[in-house]
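In what follows, a structure is listed as structure tokens, so that the remarks can point back to it.
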Amino acid sequence: MANNASRPRRLPQRIACLSTEAVEVLYALGEEARIAGISGFTVHPPRARKEKSKISGFSSAHSERILAVRPDLVLAFSDMQGEICRELVQAGLEVHHFNQRSIEGIFAMIETIGRLVAAEEKARALVAGLEAQIEAVRSEASSLPRRPRVYFEEWDEPMICGIQWASELIGIAGGCDVCADLAVAPGAGARVIEKSALAARRPEMVIASWCGKKFRAERFVERFAGLDLPAIASGDLYEIKSSDILSPGPAAIRHGLPQLAAIIRRWAERRTIQ
């Protein structure tokens, strides 16, 4: 019979994290010592950028840089990292490739990482805390006198509306995502929307989170010259940093959701006064 004391040594000791949410989760579980390298786009927690070697971008990576940190497990995310994962598997590495698109998928990812490093109880506690935060925001939003029609923009050229977890967070925060039907599409290409089609959906608020660049409200307004958008008429154009909401991990709930809730509540309160 195997000695139970030997089992922890079978767990991964050197994990290469190719996306920021894996880093965030391992730190939250107290397992950051296992991280051998991180994505250069890692934001949460801030100290990870000082403590860990940067071995990849997000959609760009070179297998030799990843192999150089001698990982015994690679954690990756999305179809955009499919090719590098194929190369790493061919090089003999073990790879766990996540593809979460929803809040439930985020929770499943957290619990899976917990199992991979034998921190199941901490992972369940982390998920429970995030669920409690969601329920608190949902409860507060239930008192709003009206729910704004929200367009969430993930990219400007072409126009890409928000992914599923962003759409779900808008609903929790008290808004109605005007592109909710597109948000469930698995790929960004299916979430491209034309200007006239968006104008027909009559968004009362725009929340932009352009990956890797700052939202320019004036450029958004220029783009819709000649079209009637209630959000432009009222000046309800807002930005949430992509690192706070477009990373499919705890940050989207811890940092993105409170910002969504505050923006939507201010909008509702202003209309109550009017």
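Available extension along the chain between S139 and V192 is 15.9 nm, counting 0.36 nm per residue and deducting the alpha carbon span.
Considering only W165, P203, S243, and ranking their Cα positions along the charge dipole of segment 131-273 that arises from unit charges at the beta-carbon of Lys, Arg, Asp and Glu, the one farthest toward the positive end is P203. Projecting the Cα atoms of L67, S53, S102 onto the charge dipole of segment 1-102, computed from C-beta unit charges around the Cα centre, puts S53 farthest toward the positive end. Would you work out the relative contact order for segment 109-207, in percent, from Cα pairs under 8 angstrom that are 6 or more residues apart? About 27 percent, as a whole number. Computed 3J(HN,Hα) for segment 262-270, one whole-Hz value per residue from the Karplus formula 6.51 cos²θ - 1.76 cosθ + 1.60 where θ = phi - 60°, is 5, 5, 5, 5, 4, 4, 5, 5, 5, glycine and proline marked x. Oblate is the label for segment 131-273, because a/c, from the alpha-carbon gyration tensor with a ≥ b ≥ c as root eigenvalues, is 1.5 or above and a/b does not exceed b/c. Calculate the FRET efficiency for R146 and A225 from the Cβ-Cβ distance with a Förster distance of 41 Å, rounded to the nearest 0.05. Here the calculated transfer efficiency is 0.90. Each of the peptides 119-128, 211-220 was scored by the mean count of other Cβ atoms within 10 Å over its residues; in descending order, highest first, they stand as 119-128, 211-220.
Inter-label distance, R10 to R201: 4.8 nm, where each label sits 7 Å from its Cα along the C-beta direction.
What number comes out for the charge environment of I134, summing +1 per Lys or Arg and -1 per Asp or Glu over other residues with Cβ under 12 Å away? Overall, the nearby charge balance is -3. Taking amide H as placed 1.01 Å from N in the peptide plane, I35 has its amide H under 5 Å from the amide H of I15, each at least 5 places away in sequence or on another chain. How high is the relative contact order of the chain, given as a whole-number percent (alpha carbon pairs under 8 Å, six or more residues apart)? Reported as a whole number, the value is 16 percent. Taking the number of Cβ atoms within 10 Å of each Cβ as an exposure proxy, the fewest-first ranking of V178, V221 is V221, V178. Once backbone amide H atoms are built at 1.01 Å from N, C179 has F152 as its partners under 5 Å, excluding neighbours fewer than 5 places away on the same chain.
Here the contact order of segment 9-99, divided by its residue count and restricted to Cα pairs under 8 Å and six or more residues apart, works out to 29 percent. From least to most packed, judged by other beta carbons within 10 angstrom and beginning with the fewest, I232, I207 follow the order I232, I207.
Every read-out reported here was derived from the displayed coordinates using simple, explicitly stated rules and does not represent laboratory data. Owing to the predicted nature of the structure, the values given are computational and were not obtained by experimental measurement. Heads up, the Cβs are rebuilt from the backbone with ideal geometry, glycines too, and the neighbour counts pull from every protein chain shown.
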